[in-house]
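Asks: Attaching a single structure in structure tokens format; questions to follow.
The values are calculated or read from the model by the stated rules, or taken from the named source; none is laboratory data. Keep in mind that what you see is a predicted model, and the values were worked out from it rather than measured. Cβ atoms come from the backbone with ideal geometry, glycine included; neighbour counts cover every protein chain shown.
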Amino acid sequence: MNILPRLALLSLLLAPPASLAAEQGPAFKEPLDRANELIRSYRHFEAADALKEATTIAGDKHPSLHMRLGILYYGLGLIPEAIAEAQKAVALAPTSKWYKYDLAKFYYVDKQYARAEQQILDLLAQDPGFTLGYSYLAELYTRNKNYDMAWLSLQRARLLGHQGRRLEEKLAARSSKPTENFLLLPPERSLLRYIKLPSEQEAKNVLAEIAGGKLFENLELELKKDKSGDVDFGLLGIAEVKDAATAATLRNQVPFATPTVIAGEGGVLIVQKIAPFDIKAWKALVAAPPSPRGATGADPMLPAKELTAPPPQTPPPARKEVIPQASAPTVTDPLPKQTVMTAQAAEPGQQPAEPAPESTQPATTSQSMEPSTRALQHLSLQLEAFYALEAWKNAWQAADIAAYLDAYSERFSPATAVSLETWKNQRIASLTRPKFIHLKIDNPVVDLQTDDRLQITFTQHFQSDSYRDSVYKALVMVREMERWKISEERILKVLEE
């Protein structure tokens, strides 16, 4: 590995650790300050000696000193020494996900792949919303030619906001593309990863950064550095949400929907519903016989002994949406008696969704039958369509031209009588001209017409610094290279503001 990326990490050493601020005494303050000064002078080997002296004086009270020394050794290419210091840091602070993450990287560079994997698995068991952990896990599994496990890791990273595409093409050609089925995940097993902020305006600003591509991990490092005790990060169970209406809405969201804002004690929370991490379930999913398009008749999030019928679930009573910016689909009873999948009931005054065709089959409930493989296949396709819609919206809102245009099929037919190339140029101008773009999607309804074609109808609210409107829109999507791509885009009705 090139030494320059390692040396770039040394800037982390220049700020005194927050954990030392109150306790820092003259005993190890002097060698610590000397180490920082030597780093500023690019005298890194001497800085390592000074920092080593500081860790010796401080003893076991400050694991951050050991990790900083480990990062310094790593930057100097002294990998065994880096590993030794990082191991001490992890042993002294076993709840630190960042220490585990750095130690896993050190192992990876030293080609100790099994140990690197174990550190990442421990990290994800502790925090299943740690995006970078899944990204590194995908790298590890790819190196070991375990392509299906790498695919699952990469898809989790993508659902959590990771936008790198370096591995995707390689894995697409080698993996059977197994798919996790989150639709049958009991709500009580879901988790909420959160960022706590002092005000709603700050939360909106952070949401905009997330929409622009920043990961929760990026924001954690930045916000803790800038605001110290005013922000917090962590995980919640839905049962810990105090407001009953908010909790009911979150229960009905599909995992990995767009983060949203809820009220919290002493501030506001940006929350995102996620699924737990279960490596045994992944291995069971990969070992299972392949089904059409990766669909299975069992819930891969459940242990092997439970891989039979889904547990009975009673959908909560319908409630009016109370969380700003929530646009996630609501999934309740996944039965094969309809082909239209709705996200939520239409609000009064909005264009109603086209009703699903009447079933000719006897009425059935999930308590009396196990969902067929065919029904689960349809649900999997529909869920992928919701995520494609969300990715399209996020790319538009972030003015990410490449991701936005990538959402469209090469067979896309513009609504106006212009060529595809002219339409692309017009859209690029529309994305780059505004100072900001805010997009909200309500009540998406998926009509799965065939396994390779569907239509999504929804209400779209658009606002920029110079224009705003609300329309009822339809997107026709076609299946290309295992992804849903937009082939038609039509405004069905312009709504009054």
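Asks: Among the residues in the stretch 227-250, are any surrounded by 15 or more Cβ atoms within 10 Å (Cβ to Cβ), out of contact with any Phe, Trp or Tyr (no Cβ under 9 Å at 6 or more places or on another chain) and within 18 Å of ALA157 (Cα to Cα)?
Replies: Checked the stretch 227-250: no residue is surrounded by 15 or more Cβ atoms within 10 Å (Cβ to Cβ), out of contact with any Phe, Trp or Tyr (no Cβ under 9 Å at 6 or more places or on another chain) and within 18 Å of ALA157 (Cα to Cα).
Asks: May I pose another question? Being within 25 Å of LYS145 (Cβ to Cβ), among the β-branched types (Val, Ile, Thr) and either in the same structural domain as GLN382 (by TED's automatic domain parsing) or modelled with pLDDT under 85 (or both): is that true of THR258 here?
Replies: Working: within 25 Å of LYS145 (Cβ to Cβ): no; among the β-branched types (Val, Ile, Thr): yes; either in the same structural domain as GLN382 (by TED's automatic domain parsing) or modelled with pLDDT under 85 (or both): yes.
Criteria not met by THR258.
Asks: Which one is nearest to the chain's Cα centre (by Cα) among residues in the stretch 389-442 that are surrounded by fewer than 17 Cβ atoms within 10 Å (Cβ to Cβ) and among the β-branched types (Val, Ile, Thr)?
Replies: ILE401
Asks: Next up: Considering only the stretch 162-213, state which residues are in a loop (DSSP other than H, G, I, E, B) and touching a strand residue (DSSP E or B) at 6+ places or on another chain (Cβ under 9 Å). Even if it seems obvious, please write down each step before you answer.
Replies: Just the residues of the stretch 162-213 that are in a loop (DSSP other than H, G, I, E, B), to begin with: 162-165, 175-186, 190, 198-199, 212-213.
Passing the criteria: SER190, PRO198, SER199.
Asks: From the set of residues in the stretch 105-153 that are without any contact (Cβ under 8 Å) to a residue 60 or more places away in the chain and either among the aliphatic types (A, V, I, L, M) or in contact with a strand residue (DSSP E or B) (Cβ under 6 Å, 6 or more places away or on another chain) (or both), which is surrounded by the fewest Cβ atoms within 10 Å (Cβ to Cβ)?
Replies: ALA114
Asks: Determine which single condition ALA245 fails, assuming it passes every other condition in (1) closer than 24 Å to ILE441 by Cα; (2) within 14 Å of the chain's Cα centre (by Cα).
Replies: (2) is the only condition that ALA245 fails.
Asks: I'd like to check something: does the stretch 449-470 contain any residue that is on the phi > 0 side of the Ramachandran plot, among the polar types (S, T, N, Q), surrounded by 17 or more Cβ atoms within 10 Å (Cβ to Cβ) and under 25 Å from the mean Cα position of the chain (by Cα)?
Replies: no
Asks: Which residues, counting only those in the stretch 98-121, are among the charged types (D, E, K, R), in a helix (DSSP H, G or I) and touching a Pro at 6+ places or on another chain (Cβ under 9 Å)? Break it down stepwise before answering.
Replies: From the stretch 98-121, those among the charged types (D, E, K, R) are 100, 102, 105, 110-111, 115, 117; that's our starting set.
If we keep only those that are in a helix (DSSP H, G or I) as well, we get 100, 102, 105, 115, 117.
If the condition is that a residue be among the charged types (D, E, K, R), in a helix (DSSP H, G or I) and touching a Pro at 6+ places or on another chain (Cβ under 9 Å), then LYS100 is the only one that fits.
Asks: While we're on this one: Taking the stretch 35-51 only, how many residues are among the charged types (D, E, K, R), over 38 Å from the mean Cα position of the chain (by Cα) and part of a helix (DSSP H, G or I)?
Replies: 3
Asks: Would you confirm, using the coordinates I've provided, whether SER175 is under 19 Å from GLU480 (Cα atoms) and hydroxyl-bearing (Ser, Thr, Tyr)?
Replies: Details: under 19 Å from GLU480 (Cα atoms): yes; hydroxyl-bearing (Ser, Thr, Tyr): yes.
Here the answer is yes, as SER175 does meet what is asked.
Asks: I've got another one for you. Could you check how many residues of the stretch 461-474 are part of a strand (DSSP E or B) and either modelled with pLDDT of 95 or more or acidic (Asp, Glu) (or both)?
Replies: Looking only at the stretch 461-474, we keep the residues that are part of a strand (DSSP E or B), and these are 461-464, 468-474.
Checking which are either modelled with pLDDT of 95 or more or acidic (Asp, Glu) (or both) leaves us with 469.
Summing the residues that are part of a strand (DSSP E or B) and either modelled with pLDDT of 95 or more or acidic (Asp, Glu) (or both) in the stretch 461-474 gives 1.
Asks: Out of ALA239, ALA284, ALA257, ALA247, report the one residue that is in a loop (DSSP other than H, G, I, E, B), touching a helix residue (DSSP H, G or I) at 6+ places or on another chain (Cβ under 8 Å) and not aromatic (Phe, Trp, Tyr). Break it down into steps so the answer makes sense when it comes.
Replies: Numbers: ALA239 fails: in a loop (DSSP other than H, G, I, E, B); ALA284 fails: in a loop (DSSP other than H, G, I, E, B); ALA247 fails: in a loop (DSSP other than H, G, I, E, B).
Of the residues listed, the single one that is in a loop (DSSP other than H, G, I, E, B), touching a helix residue (DSSP H, G or I) at 6+ places or on another chain (Cβ under 8 Å) and not aromatic (Phe, Trp, Tyr) is ALA257.
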